[in-house]
Amino acid sequence: MPARILNGNEIAAELRAEVAEGVAQLTASGGPQPGLAAVLVGDDAASAVYVRNKGRACAEAGMHSETFHLPVDTPHDVLLSLIDRLNADDRFHGILVQLPLPAQIDEATAIERIAPAKDVDGLHPVSQGKMLQGEPTYLPCTPSGVQQVLLRSGYDPAGQHVVIVGRSNIVGKPLAALLMQRSIGGNATVTVCHTRTRNLSDITRQADILVAAMGVPGAITADMVRDGAVVIDVGINRVDDRLVGDVDFDAVAAKSEAITPVPGGIGPMTIAMLLSNTLDAARRYSSK
Ligand SMILES: Nc1nc2c(c(=O)[nH]1)N[C@@H](CN(C=O)c1ccc(C(=O)N[C@@H](CCC(=O)O)C(=O)O)cc1)CN2
């Protein structure tokens, strides 16, 4: 049986429609129009596309958004001053700083400068600490996108062995924390593998749900996957002008139960979850 393809475009569209409905209800009841400030530093072509797509998605959901585009040689303190201004600006309920940032800017310091109440990317240490402790907070967009794809496709992670390959701050580490939570979409047994993991394929073959998030094109090959596994590909790599994931798609699809494609898998979910967090931020602001 060929694998079921988990269509991230469709699931993200469903989520964005739910967010649009939430925005309409919030504004109809006298609440604010949710606003998102996106900060883009430099001229990375992929980042520019993602930020443009975030702006479009906001407009389609009835949200206000503005992009603050700074030159590639922007000094660190200029970026921090912009974030301070946005923190104090009531038009914006959410702020994101698009990653990666140019080398002269310390990513962690920039993210920590965002007011936790506006951290709709869920990357601030306060948000991540709360998530780890199971407290309500903004969940990081790509990990919560993975969780939503699983839940909305009927693959509840509860009791499943999830193996995550990759330990980045933006995907691997927060995804592990999210899927092990004692809550809906959690309760999984999680193993995190990385570049220093020995006998990697012995571990990946134990996965009921295998998540590839290492940023290496085609690194997960068919021999690393158990028959009937659910495979989630978080990698987005440009190879010869083509987008490919971290999974050798055709060979792995031939033996798995279900698989996300690249493009059209987890990428669109990242933007949908950002909108959902921004709506939450506006709701929290209006109930203050
Ligand atoms: N501040 C942040 N920076 C980055 C994040 C993030 O969540 N917050 N994640 C990634 C980039 N990213 C969002 O910012 C992102 C990546 C990919 C997609 C997407 O929809 N991809 C499409 C293909 C689009 C294309 O043609 O390039 C797909 O996979 O189908 C959305 C968002 C790093 N930086």
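What follows is calculated from the coordinates using simple rules that are stated; it is not laboratory data. Computed from a prediction, not measured in an experiment: that's the story for all the values here. Positions of Cβ are generated from backbone atoms using ideal geometry, with glycine treated the same way; all protein chains shown enter the neighbour counts.
In table form, for the structure just shown:
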{"quantity": "Packing-based ranking, highest mean first, of 20-32, 173-185 given that Cβ atoms within 10 Å are counted", "calculated": "173-185, 20-32"}
{"quantity": "Residue order, fewest to most beta carbons within 10 Å, for SER65, SER153", "calculated": "SER153, SER65"}
{"quantity": "Footprinting exposure proxy for ASP73, ASP248 (fewest neighbouring C-beta atoms within 10 Å first)", "calculated": "ASP73, ASP248"}
{"quantity": "Overall Cα dimensions of the chain, principal axis frame, Å, largest first", "calculated": "52, 43, 35"}
{"quantity": "In order through segment 239-251: 3J(HN,Hα) via Karplus (6.51 cos²θ - 1.76 cosθ + 1.60), integer Hz, x for Gly, Pro", "calculated": "10, 6, 6, 10, 8, 9, x, 8, 10, 6, 4, 4, 5"}
{"quantity": "Separation between Cα centres of segment 207-258 and segment 129-157, rounded to whole Å", "calculated": "20"}
{"quantity": "THR191 long-range amide H proximity, modeled H, under 5 Å", "calculated": "VAL162, VAL163, ILE164"}
{"quantity": "Residue order, fewest to most beta carbons within 10 Å, for THR270, THR197", "calculated": "THR197, THR270"}
{"quantity": "Note, ³J(HN,Hα) from phi for segment 21-34, Karplus 6.51, -1.76, 1.60, rounded to Hz, x at Gly and Pro", "calculated": "4, x, 5, 4, 5, 4, 6, 5, 8, x, x, x, 6, x"}
{"quantity": "Distant-in-sequence amide H partners of VAL41 (H built 1.01 Å from N, under 5 Å)", "calculated": "LEU70, GLN98"}
{"quantity": "Hz values of 3J(HN,Hα) by residue in segment 46-62 - Karplus curve (6.51, -1.76, 1.60), Gly and Pro given as x", "calculated": "5, 4, 4, 5, 4, 5, 4, 5, 5, x, 4, 5, 4, 4, 5, 8, x"}
{"quantity": "Lysine pairs in the chain with Cα atoms under 20 Å, if 8 or more residues apart or on separate chains", "calculated": "5"}
